[in-house]
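The values are calculated or read from the model by the stated rules, or taken from the named source; none is laboratory data. Bear in mind the structure is a predicted one, so any value in this text is a computation, not a measurement. Heads up, the Cβs are rebuilt from the backbone with ideal geometry, glycines too, and the neighbour counts pull from every protein chain shown. All accessible areas refer to the heavy atoms of the entire protein, side chains included, with ligands and DNA or RNA removed. Shrake-Rupley method; radii C 1.70, N 1.55, O 1.52, S 1.80 Å.
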Amino acid sequence: MDEEEIEKAVVAYLKKKGFKQTEIAFQEEQQLNKNSSSSIHNNNNSANSQIDPDLTKKILSFSEFETGPQRYQEEYSKLRSWAYSSLDLYKHELLRVLYPVFIHCFMELVARGHIQEARAFFNSYREDHEMTHLRDLQKLEGVLSPSHLEEMEFAHSIRLSKVNIKMCQYSYDLLLQYLHKTESITMLGIINERINFQVSPGQPGSISDDAEVVTLVASGHDASLINQKEVLWGLLEDSLEERLEKTGGSVPDSEKFDGDPKEGEVEENKKKSVEGGKQGAPLKKLKKDKVGVATGKSSRTESSTVTTAPRVKPELALPAIPVEVELSILEDLRNRVQLSNASLPSVSFYTFVNTHNGLNCASISHDGSLVAGGFSDSSLKVWDMAKLGQQTGPSFLQGETDSPSSEHVLGSSGGRRCYTLLQGHSGPVYSASFSPDGDFLLSSSSDSTIRLWSTKLNANVVCYKGHNYPVWDVQFSPAGHYFASSSHDRTAKIWSVDRIQPLRIMAGHLSDVDCVQWHANCNYIATGSSDKTVRLWDVQSGDCVRIFIGHRSMILSLAMSPDGRYMASGDEDGTVMMWDLSSGRCITPLVGHSSCVWSLAFSGEGSLLASGSADCTVKLWDVTTSTKAPLKEENKSGSNNRLRLLKTLPTKATPVYALHFSRRNLLFAAGAFSKSA
């Protein structure tokens with residue numbers, strides 16, 4: 001074998017892999033060898049005689065396999081058969097390798113111009129991965145030429161990043177032995193180039209942890225660095241909860257309001273709209289009496305979660321709370337009903353009817369007195385529960401009817417509307433959010449704008465233009481004044497109501513930012529994206545401080561625990577995940593919903609988590625039993641500390657759009673009645 005052929009094969013391989021420094025060093029070394037050999041006459045024969053035949057065979061095999069597309073099919077098929085026939089103890093870990101190898105084999109074939117072979121390979125093995133990666137496969141179906149790999153953002157990002165896979169040491173050793181023994185050069189090259197193995201000593205991990213052990217398209221290296229940053233997850237200094245605790249959980253008589261608190265007025269109407277409006281005048285008195293008994297319960301024990309949380313200083317200049325609002329909040333906190341796995345909340349469900357699939361979102365004010373709906377016809381409608389209760393007809397939430405003359409009219413009272421119509425957007429309204437005091441309402445739309453409405457003036461106050469594409473979500477901060485938005489333009493933005501330009505822009509997601517949620521201390525926001533990750537951002541610096549990886553589909557909903565330590569995220573597949581913000585780890589996945597999780601809410605003291613889904617159910621989960629487990633157990637199998645499902649509350653045929661716990665721990669829910677559900 002000629003030495004020059006070997007040299008060319010090595011240089012070609014180094015160029016293909018992009019090892020420029022190694023290539024330069026190799027060529028320099030070869031040049032020095034040639035110079036030294038030229039000074040010694042007739043030394044070429046001795047140099048050739050020293051070449052190891054086995055080494056030559058190995059080197060040339062790296063260049064020969066490049067030309068044959070059938071090698072991808074053959075070697076992947078053998079790897080697949082080997083993985084499926086492995087011992088059950090290690091099989092689930094070895095199977096994790098197949099999906100990223102499958103994806104990169106397909107894209108390598110496309111990149112080399114073997115389009116027909118790539119399609120045949122893709123169609124042969126896609127069924128193996130449709131259960132968990134259907135959306136990814138649907139996107140990659142559109143890759144039909146090498147140029148598509150650069151033009152399609154999803155495919156491009158996969159080729160630029162490495163996949164992270166967790167497995168035990170023994171599984172890792174088994175894989176390496178197989179690859180070397182079978183001389184699977186193609187598979188070995190893809191695995192070396194495209195996969196980062198996170199090898200751990202001991203026994204294989206639980207099969208239940210599979211959701212978070214394979215990370216596709218995630219910048220795993222970046223995530224590990226980012227997740228080392230410190231997150232100050234505690235509550236603000238001198239918060240109202242802390243002040244209430246210092247005063248022994250009571251409000252001085254001189255500070256109490258005359259008459260019933262505002263929420264009491266709302267609660268007397270609760271459940272009047274449950275699935276078609278089972279209501280009536282006698283019910284109001286019964287419900288009010290029931291609430292009166294409930295609010296008399298002592299709720300001082302709920303403050304234990306608050307007092308254990310560390311205290312932090314605000315990074316934003318927060319607005320002063322008016323005295324009357326502060327006293328109202330303290331009164332609500334003092335009368336909060338303590339919830340637990342033995343004491344579940346009352347639920348007030350607001351059902352929209354006759355919407356003809358036009359309702360895109362729903363929002364409920366903090367005390368439940370106002371309910372807003374955003375519609376596909378670009379309108380925003382707000383119902384006042386107190387006024388709705390005065391109607392003589394049915395008291396469900398009417399959407400649209402077929403006849404314009406009778407549109408939005410309830411009962412036989414004539415042409416009076418039972419809601420306030422807010423018009424201004426020029427496209428479907430996708431999100432709405434009430435300010436903490438209920439005086440303002442934010443809405444976002446496909447027209448790329450956000451609008452601020454006054455619920456007292458029933459008018460548009462400001463139009464915020466900063467996004468370039470549809471704005472999927474907008475949320476007021478817990479303190480008011482500031483709000484966050486998320487958009488199809490892959491960014492989230494922080495705003496204040498008194499400025500028409502954003503204060504901060506959070507960029508980093510690889511796809512749409514579908515939902516946004518404020519931390520309890522207003523120092524952080526969380527964003528959920530179609531790239532299947534959740535990110536936590538520092539609002540002061542605009543930096544990403546956590547990347548949460550584990551979901552297998554787009555994230556649709558987020559919720560923060562009241563003490564600021566935990567976060568819940570819900571995705572399109574119906575999975576809810578609970579995260580520890582300080583460590584960035586998933587505490588446990590919550591499996592139970594059969595469709596998209598559109599809304600999540602923690603109870604006031606953080607002991608319960610409510611999830612609302614397109615499967616027409618509300619589920620209540622016991623948070624306390626899981627999060628009270630010492631975090632030193634987090635390295636054990638995830639099945640040891642799964643959240644317990646306490647109760648499933650089915651609706652007749654109403655997908656759940658919104659959930660919200662009031663300060664007194666009454667759970668409000670809203671959705672649109674759907675005959676097809």
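Out of all the residues in region 643-677, which are touching a Ser or Thr at 6+ places or on another chain (Cβ under 8 Å), among the small types (Gly, Ala, Ser) and open to solvent by less than 40 Å² (accessible area, probe 1.4 Å)?
653, 658, 669, 670, 671, 672, 674
Please enumerate the residues belonging to region 125-165 that are touching a strand residue (DSSP E or B) at 6+ places or on another chain (Cβ under 7 Å) and at pLDDT 85 or above.
The answer is 165, and nothing else.
Among what's in region 172-183 and is farther than 15 Å from residue 100 by Cβ and not aromatic (Phe, Trp, Tyr), pick the residue that is surrounded by the most Cβ atoms within 10 Å (Cβ to Cβ).
174
Matching residues to (1) within 29 Å of residue 89 (Cβ to Cβ); (2) in contact with a Lys or Arg (Cβ under 8 Å, 6 or more places away or on another chain):
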site	(1), (2)
150	no, no
155	no, yes
163	yes, yes
170	yes, no
177	yes, no
187	yes, no
193	yes, yes
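Can you confirm whether residue 567 is more than 30 Å from residue 665 (Cα to Cα), open to solvent by less than 10 Å² (accessible area, probe 1.4 Å) and among the hydrophobic types (A, V, I, L, M, F, W, C)? Show your work before the answer.
Working: more than 30 Å from residue 665 (Cα to Cα): no; open to solvent by less than 10 Å² (accessible area, probe 1.4 Å): yes; among the hydrophobic types (A, V, I, L, M, F, W, C): yes.
Answer is no for this residue.
List every residue pair whose Cβ atoms lie under 6 Å apart, where the two residues are 6 or more positions apart in sequence or sit on different chains, the first residue falls within region 109-131 and is basic (Lys, Arg), and the second residue, located anywhere, is open to solvent by less than 70 Å² (accessible area, probe 1.4 Å).
Here the result reads 126/137, each pair linking region 109-131 to a residue that is open to solvent by less than 70 Å² (accessible area, probe 1.4 Å).
Which condition number in (1) within 22 Å of residue 509 (Cβ to Cβ); (2) aliphatic (A, V, I, L, M); (3) open to solvent by less than 40 Å² (accessible area, probe 1.4 Å) is the one that residue 160 fails?
(3)
Condition (residue is touching a Lys or Arg at 6+ places or on another chain (Cβ under 6 Å), charged (D, E, K, R) and modelled with pLDDT under 95) applied to region 648-664: is it met by at least one residue?
Yes, because at least one residue in region 648-664 is touching a Lys or Arg at 6+ places or on another chain (Cβ under 6 Å), charged (D, E, K, R) and modelled with pLDDT under 95.
Go through region 557-575 and report how many residues are part of a strand (DSSP E or B) and not charged (D, E, K, R).
The total comes to 9.
Among the numbered conditions (1) modelled with pLDDT under 90; (2) surrounded by fewer than 21 Cβ atoms within 10 Å (Cβ to Cβ); (3) touching a strand residue (DSSP E or B) at 6+ places or on another chain (Cβ under 7 Å), tell me where residue 551 comes up short.
Of everything listed in (1) modelled with pLDDT under 90; (2) surrounded by fewer than 21 Cβ atoms within 10 Å (Cβ to Cβ); (3) touching a strand residue (DSSP E or B) at 6+ places or on another chain (Cβ under 7 Å), residue 551 misses just condition (2).
For region 563-577, how many residues are under 12 Å from the mean Cα position of the chain (by Cα), under 14 Å from residue 546 (Cβ atoms) and not small (Gly, Ala, Ser)? Spell out how you get there, then give the answer.
Filtering region 563-577 down to residues under 12 Å from the mean Cα position of the chain (by Cα) leaves 567-577.
Add one more test, that the residue is under 14 Å from residue 546 (Cβ atoms), and what stays is 567, 569, 577.
Filter again for not small (Gly, Ala, Ser), leaving 567, 577.
Adding up the residues that qualify gives 2.
Mind checking which pairs have a first residue in region 495-511 that is touching a residue at least 24 places away in the same chain (Cβ under 8 Å) and on the phi < 0 side of the Ramachandran plot and a second that is assigned to a loop (DSSP other than H, G, I, E, B) and of a type in the set (A, V, I, L, M, F, W, C), Cβ under 8 Å, 6 or more apart or different chains?
495/503; 504/539; 510/217; 511/554
Let's see how each residue does on (1) over 16 Å from the mean Cα position of the chain (by Cα); (2) open to solvent by 40 Å² or more (accessible area, probe 1.4 Å); (3) modelled with pLDDT of 95 or more:
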| site | (1), (2), (3) |
| --- | --- |
| 438 | yes, no, no |
| 457 | yes, yes, no |
| 476 | yes, no, yes |
| 488 | no, yes, no |
| 498 | yes, yes, no |
| 520 | yes, no, no |
| 530 | no, no, no |
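Just to be sure I understand the filter: pairs with C-beta atoms under 8 Å, separated by 6 or more residues or on different chains, first member in region 470-486 and of a type in the set (Asp, Glu), second member open to solvent by 30 Å² or more (accessible area, probe 1.4 Å). Which pairs pass?
So the pair list comes out as 473/430.
Tell me the residue from 355, 307 that is open to solvent by 20 Å² or more (accessible area, probe 1.4 Å), modelled with pLDDT under 90 and more than 24 Å from residue 496 (Cβ to Cβ), please. Please lay out each step first, then the result.
Values: 355 fails: open to solvent by 20 Å² or more (accessible area, probe 1.4 Å).
After applying the criteria, what remains is 307.
Please find, among 576, 534, the residue that is open to solvent by less than 10 Å² (accessible area, probe 1.4 Å), β-branched (Val, Ile, Thr) and touching a Pro at 6+ places or on another chain (Cβ under 9 Å).
Details: 534 fails: touching a Pro at 6+ places or on another chain (Cβ under 9 Å).
Of the residues listed, the single one that is open to solvent by less than 10 Å² (accessible area, probe 1.4 Å), β-branched (Val, Ile, Thr) and touching a Pro at 6+ places or on another chain (Cβ under 9 Å) is 576.
Exactly one condition in (1) open to solvent by 20 Å² or more (accessible area, probe 1.4 Å); (2) modelled with pLDDT under 90 is not met by residue 378; state its number.
Every listed condition holds for residue 378 apart from (2).
What's the number of the condition residue 167 fails, among (1) within 20 Å of residue 96 (Cα to Cα); (2) within 23 Å of the chain's Cα centre (by Cα)?
Answer for residue 167: the failing condition is (2).
Just checking, does region 139-146 include any residue being out of contact with any Leu (no Cβ under 8 Å at 6 or more places or on another chain) and among the β-branched types (Val, Ile, Thr)?
For region 139-146, residues out of contact with any Leu (no Cβ under 8 Å at 6 or more places or on another chain) and among the β-branched types (Val, Ile, Thr): absent.
Would you check which residues across region 309-320 are out of contact with any Cys (no Cβ under 9 Å at 6 or more places or on another chain) and touching a residue at least 60 places away in the same chain (Cβ under 8 Å) and list them?
Residues satisfying the conditions are 309, 310, 311, 312, 313, 319.
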